[in-house]
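The values are calculated or read from the model by the stated rules, or taken from the named source; none is laboratory data. Quick caveat, the model's predicted, so the values are computed rather than measured. Here Cβ is always computed from backbone atoms with ideal geometry, including for glycine, and neighbour counts include all displayed protein chains. Remember, those area values only see protein heavy atoms, side chains included, never the ligands or the DNA or RNA. Shrake-Rupley method; radii C 1.70, N 1.55, O 1.52, S 1.80 Å.
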Amino acid sequence: MEFNEQIKRIRKENNLTQEEMAKKLNVTRQAISNWENNRNLPDFEMIILIAETFGVSLDELILGDKKMNKIEQTLINDGKRTRAAKFNMVTTIIGSAFIILGIIFFLISAVSVSYIDSNGFLHENFFLIPLGYLSLFVGILIIIARVINSIRIAIKERKNN
């Protein structure tokens, strides 16, 4: 049984009109109609609210007759896309931070003054240049890995469709 049929069944079992069901869920009557006519799907929070309000399990509401239906597949795909988007955002931020850090190391090295003190010791920030190169390398490597991963996921999605 598809999700739209489940919604219709729950509404009829509880002797509710679309308007009455909409009031219980704090949505519009049109939202209920759209769900029942399979025009769109509610978000996951609303699905949880429907299950709690009408005393049905999420399995029963989402899975219906135990075969994977449209809403279950949509929820699975949305979860995967959300995780991928978060991963891409985090890796881009981390890679960018390393690149910026490398540039900062080079700038500090360029403006710092090397001098010899009265005891004859050379004071120079020589360690900043290798740190700058290392930071740039790590940042670029992280961003390249993110791009490769995005391409791999896109290819995998095309194969599945």
Any hit, the stretch 105-127, residues being open to solvent by 60 Å² or more (accessible area, probe 1.4 Å) and within 22 Å of the chain's Cα centre (by Cα): no
Failed item, numbered, when Thr28 is tested on (1) polar (S, T, N, Q); (2) surrounded by fewer than 14 Cβ atoms within 10 Å (Cβ to Cβ); (3) more than 30 Å from the chain's Cα centre (by Cα): (3)
Residue list for the stretch 53-71, restricted to those being modelled with pLDDT under 65 and open to solvent by 40 Å² or more (accessible area, probe 1.4 Å): Asp65, Lys66, Lys67, Met68, Lys70
Selection count where residues are among the hydrophobic types (A, V, I, L, M, F, W, C), closer than 30 Å to Ser114 by Cα and open to solvent by less than 60 Å² (accessible area, probe 1.4 Å), scope the stretch 128-160: 3
Qualifying residue in the stretch 73-86 (condition: farther than 30 Å from Asp59 by Cβ, in contact with a helix residue (DSSP H, G or I) (Cβ under 9 Å, 6 or more places away or on another chain), open to solvent by less than 80 Å² (accessible area, probe 1.4 Å) and touching a residue at least 60 places away in the same chain (Cβ under 8 Å)): no
Contacts under 8 angstrom Cβ, first residue in the stretch 1-16 being in contact (Cβ under 8 Å) with a residue 40 or more places away in the chain, partner of a type in the set (Asp, Glu) and outside any helix (DSSP H, G or I), 6 or more apart: Met1/Asp65
Flag if Ser118 is modelled with pLDDT of 85 or more, of a type in the set (Gly, Ala, Ser) and part of a helix (DSSP H, G or I): no
